[in-house]
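The values are calculated or read from the model by the stated rules, or taken from the named source; none is laboratory data. If you're wondering where the values come from, they're calculated on a predicted model, not measured in any experiment. Heads up, the Cβs are rebuilt from the backbone with ideal geometry, glycines too, and the neighbour counts pull from every protein chain shown.
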């Protein structure tokens with residue numbers, strides 16, 4: 001007759017002012033790094049921030065944040081642990097270091113379960129690190145979280161933009177707010193992406209140069225925020241508007 | 001008490017259904033609970049009794065457990081999930097997110113993690129009856 005979990009999701013998110021999906025049609029464009037850095041930046045500016053890693057088959061934000069040995073508290077649901085000032089939720093609390101080979105239906109079910117049982121309480125921002133593509137997780141987030149807005153990440157590559165463009169067109173067609181588009185890993189001057197984005201009437205939030213030092217900062221949030229990448233993400237003020 | 005969160009979900013959804021179907025009072029709610037999620041029925045029942053709204057005051061909750069039947073997508077083998085065979089940490093991870101079964105459970109015949117949960121995954125609302 002009915003999946004009772006669906007009916008509680010809105011209630012679980014009612015204390016969250018803004019829900020932001022950091023998404024891309026393409027993998028490997030820096031979604032998780034941008035999602036984590038945005039969340040950390042906002043937390044350091046005294047906002048109450050949650051970070052939810054929805055990339056169930058390839059989670060990586062725990063590596064970026066250097067999270068080890070933490071578990072959520074169980075109290076009438078689950079309460080995400082505080083990590084560097086963020087409420088942080090990821091499937092790795094349960095899957096550990098092992099592979100989670102999930103088909104679409106399993107991704108949907110795990111997503112619904114975690115949305116139904118996680119208690120975020122009051123937050124100014126819930127940043128959601130999305131898996132790449134426009135399959136189950138993206139469609140479910142659109143279906144289940146009515147107030148979600150998307151920040152779309154691309155690289156300058158036409159190959160990346162070919163699929164990112166499809167995500168943008170899909171979201172536009174469905175009337176889902178696209179807050180802005182970020183061009184990551186920029187290596188030379190080009191206005192191609194900006195023109196493509198602005199030509200669609202969507203806000204271009206800026207570009208982030210390729211940062212060769214970034215890899216060294218993974219796992220250390222202070223180092224991460226001090227990189228050129230971290231500083232550039234910190235300049236994305238538009239998220240607060 | 002993760003069961004409490006699921007009980008809240010049941011009460012919230014039953015209330016939404018009662019509202020939609022114009023029920024004045026809810027008399028009976030049938031719930032199926034899949035064994036894969038290893039829900040503690042005592043805690044679930046207690047939570048349901050504590051969370052009842054006015055409309056659900058006299059509602060009877062009938063809870064049926066359903067064995068978790070798994071089927072390998074590679075070789076077609078079917079088997080039943082048994083908690084007793086799990087170590088406690090893994091059983092608890094599956095309790096919170098049943099899909100974690102794919103991380104730790106393999107087909108007993110061919111060893112593949114690519115199996116289908118045919119039935120008995122988690123909590124499901126089977127029927128809501130009441131007076132209009």
Legend entry - Positions within the stretch B:106-127 being buried (at least 20 other Cβ atoms within 10 Å of the Cβ), more than 7 Å from every other protein chain (Cβ to nearest Cβ) and assigned to a strand (DSSP E or B), in sequence order: B:115, B:117
Inset, instruction - Would you check if residue B:48 is within 24 Å of residue A:89 (Cβ to Cβ) and either modelled with pLDDT of 95 or more or not in a helix (DSSP H, G or I) (or both)? - result: no
Legend entry - Set B:6, B:56: member being over 14 Å from the mean Cα position of the chain (by Cα) and touching a residue at least 40 places away in the same chain (Cβ under 8 Å): B:56
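Would a scan of the stretch A:223-239 turn up a residue that is in a loop (DSSP other than H, G, I, E, B), closer than 19 Å to residue A:49 by Cα and either at pLDDT 95 or above or over 17 Å from the mean Cα position of the chain (by Cα) (or both)? Working first, answer last.
Going through the stretch A:223-239, the residues in a loop (DSSP other than H, G, I, E, B) turn out to be A:227, A:235-236.
The next check asks that each one be closer than 19 Å to residue A:49 by Cα; those that pass are A:235-236.
Now narrow it down to the ones that are either at pLDDT 95 or above or over 17 Å from the mean Cα position of the chain (by Cα) (or both): A:235.
Looking for residues that are in a loop (DSSP other than H, G, I, E, B), closer than 19 Å to residue A:49 by Cα and either at pLDDT 95 or above or over 17 Å from the mean Cα position of the chain (by Cα) (or both), one finds at least one in the stretch A:223-239, hence yes.
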Inset, instruction - Sort out which residues of the stretch A:67-93 are in contact with a helix residue (DSSP H, G or I) (Cβ under 7 Å, 6 or more places away or on another chain), touching a residue at least 40 places away in the same chain (Cβ under 8 Å) and under 21 Å from residue A:33 (Cβ atoms), and write them in order of number. - result: A:84, A:85, A:86
Legend entry - Hits in the stretch B:39-51 - residues which are in contact with a helix residue (DSSP H, G or I) (Cβ under 7 Å, 6 or more places away or on another chain) and surrounded by fewer than 19 Cβ atoms within 10 Å (Cβ to Cβ): B:40, B:43, B:51
Inset, instruction - Please work out which residue is surrounded by the most Cβ atoms within 10 Å (Cβ to Cβ), limiting yourself to the stretch B:13-28 and to residues that are in contact (Cβ under 8 Å) with a residue 24 or more places away in the chain and at the interface with another protein chain (Cβ under 10 Å from one of its Cβ atoms). - result: B:14
Legend entry - Candidate set: the stretch A:107-137, residues that are facing chain B (nearest Cβ under 8 Å) and in contact with a strand residue (DSSP E or B) (Cβ under 8 Å, 6 or more places away or on another chain); chosen: the one surrounded by the fewest Cβ atoms within 10 Å (Cβ to Cβ): A:119
Legend entry - Test: residue B:88 is closer than 20 Å to residue B:132 by Cα and surrounded by fewer than 14 Cβ atoms within 10 Å (Cβ to Cβ): no
